[in-house]
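In what follows, a single structure is set out as structure tokens and then discussed.
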Amino acid sequence: MTASSLDSHILAIQRPHRHLLWLYVIRAVMTGPGFIIAMPLLFFRYETMQYRFDAEGIHMRWGILFRRQINLTYARIQDIHLTSGVIQRWLGLADIKIQTASGSSDAEMTLEGLMEFEAVRDFLYTRMRGYRDPSSLAHEGPANAAVDEAAQVVALLRDAIDELRATRIAFERHTGRAGLVERRDV
């Protein structure tokens, strides 16, 4: 799978995988008598959970009575953690915990029920670091990013050489050793 097709696959994710519902059933059964309360809550959470990945960031929402929505831009993401318990690994799931610099030690957003969790994690890492797809740079005309970047590096190196040359001349004038220092023009 190419990078652009993988990105388009991730951008198309809108709902958690159905294995998440099985995980919720197992968790509700493990509560014993609390099953009566836990199962409807977890079922409605699963049914209302929606994700949206776009060019700006990630959007997640869930809830019926108490609607909750979280919007995170890629630039705000500080760290990403994958966690997976025994039952989650058995079902092929993992939680992607996304942290921001909000001052809280807890994750700002937890993406649950994703089968392609490693691909989503890698996608988020590239977006949070400001990566731009080279194919999206093609519409910028003949001055593409690689040529511009190389020109900037050359200009910075020339400036550094000029500064070093000026520093050497000033040092020679100050110490009066102009004739003793070997001169090389770069």
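Please find the FRET efficiency linking E47 to R129, where r is the Cβ-Cβ separation and R0 is fixed at 41 Å, and quote it to the nearest 0.05.
0.75
Run the simple label-point estimate for M39 and R27 please: 7 Å along Cα→C-beta, distance reported in nm.
About 1.6 nm separates the two model spin labels.
Net charge around R76, counting only other residues with Cβ within less than 12 Å of its Cβ (Lys, Arg = +1; Asp, Glu = -1)?
Residues near R76 contribute -2 overall.
Please check which bits of the stretch 43-62 a label hung off S102 would reach, taking the label as a point 7 Å along Cα-to-C-beta and the cut-off as backbone N under 17 Å.
Counting only backbone N, you get 50-52, 57-62.
If each residue's Cβ is checked for other Cβ atoms within 10 Å, how do W90, W22, W62 rank with the fewest at the top?
Result, fewest neighbours first: W90, W22, W62.
Values quoted throughout were computed directly from the atomic coordinates according to the rules given, and no laboratory measurement underlies them. Here the structure is a predicted model, which means the values were calculated and not measured. We place every Cβ from the backbone using ideal geometry, glycine too, and count neighbours over all the protein chains shown.
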